[in-house]
1. Out of the residues in region 43-70 meeting the condition of being within 16 Å of Val112 (Cβ to Cβ), out of contact with any Lys or Arg (no Cβ under 6 Å at 6 or more places or on another chain) and not hydrophobic (A, V, I, L, M, F, W, C), tell me which one is modelled with the lowest pLDDT.
2. Check Ala86, Ala131 and return the single one that is more than 23 Å from Thr42 (Cα to Cα) and either buried (at least 16 other Cβ atoms within 10 Å of the Cβ) or at pLDDT 95 or above (or both).
3. State which residue is surrounded by the fewest Cβ atoms within 10 Å (Cβ to Cβ) when the search covers only region 28-43 and only residues that are touching a residue at least 40 places away in the same chain (Cβ under 8 Å) and assigned to a loop (DSSP other than H, G, I, E, B).
4. Could you check Leu137 against (1) modelled with pLDDT under 95; (2) buried (at least 22 other Cβ atoms within 10 Å of the Cβ); (3) closer than 18 Å to Asp71 by Cβ and say which number it fails?
5. So which of Arg115, Arg80 ends up being within 13 Å of the chain's Cα centre (by Cα), of a type in the set (D, E, K, R) and within 18 Å of Pro50 (Cβ to Cβ)?
6. Limited to region 62-83, what total is found for residues that are closer than 15 Å to Ala165 by Cβ and surrounded by 21 or more Cβ atoms within 10 Å (Cβ to Cβ)?
7. Go through region 167-185 and count every residue that is closer than 24 Å to Arg111 by Cβ and either loosely packed, with under 11 Cβ neighbours inside 10 Å or of a type in the set (Gly, Ala, Ser) (or both).
8. Can you find a residue in region 153-170 that is in contact with a strand residue (DSSP E or B) (Cβ under 9 Å, 6 or more places away or on another chain), under 25 Å from Val49 (Cα atoms) and of a type in the set (Asp, Glu)?
Amino acid sequence: MRRHSGIRTSGTAVMLLALAACAGGGYRPVADTPVRIGPAYTIRGATYVPAAAPDYDAVGYASWYGSESGDRTANGERFRPDWITAAHTTLPLPTYVEVTALDTGRRIIVRVNDRGPFAGRGRIIDLSRGAAEALGLRAQGHAPVRVRRVEPSEKDRKRLREGKAAAALAPVPADELQRLRARLR
């Protein structure tokens, strides 16, 4: 009897562990390490080569996404549409970027944890719904932006890893916005 009882207990323990793993979805915990660059990859005929790019600073267009709630991001985390995250084709995962709306000068810090955008010319970043709302871009399908890699404070990193916004940033002055818009052309 004891032998069967032990087998039943072991079987139950294994089943509970398996169910617990399924409930967690097998997602990678939200963390800043390890940083993943990854090999070159091809999507829809375009090849992307991930790179460290510590001086990344580009102007282009942002779009946003949010209906993929619960999907796995490219670095294995669970996608949460309300968090301040983004997708980029080549930056390391995760990376922190400052995104500036070129229409308003409003700017925020965003945590890049996914790959994209893969549709539309000139699109350089896909923002989560939460990031698009924080930047004031949700009502627009896409908008002109500046994306610049930054190294935020540990306090801001922690807030972003927990799904909260980083500390507010002052808007970009009008003369600098003018120069950034000129780079867009």
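1. This residue is Glu68.
2. Values: Ala86 fails: more than 23 Å from Thr42 (Cα to Cα).
So the residue among Ala86, Ala131 that is more than 23 Å from Thr42 (Cα to Cα) and either buried (at least 16 other Cβ atoms within 10 Å of the Cβ) or at pLDDT 95 or above (or both) is Ala131.
3. Pro29
4. (3)
5. Every option except Arg115 fails the conditions.
6. We begin by selecting, within region 62-83, every residue closer than 15 Å to Ala165 by Cβ; these are 80-83.
Narrowing the set further to residues that are surrounded by 21 or more Cβ atoms within 10 Å (Cβ to Cβ) leaves 83.
Here the count works out to 1.
7. Summing the residues that are closer than 24 Å to Arg111 by Cβ and either loosely packed, with under 11 Cβ neighbours inside 10 Å or of a type in the set (Gly, Ala, Ser) (or both) in region 167-185 gives 3.
8. No, because not a single residue in region 153-170 is in contact with a strand residue (DSSP E or B) (Cβ under 9 Å, 6 or more places away or on another chain), under 25 Å from Val49 (Cα atoms) and of a type in the set (Asp, Glu).
The values are calculated or read from the model by the stated rules, or taken from the named source; none is laboratory data. Owing to the predicted nature of the structure, the values given are computational and were not obtained by experimental measurement. All Cβ positions, even for glycine, are placed from backbone atoms using ideal geometry, and neighbour counts span all protein chains on display.
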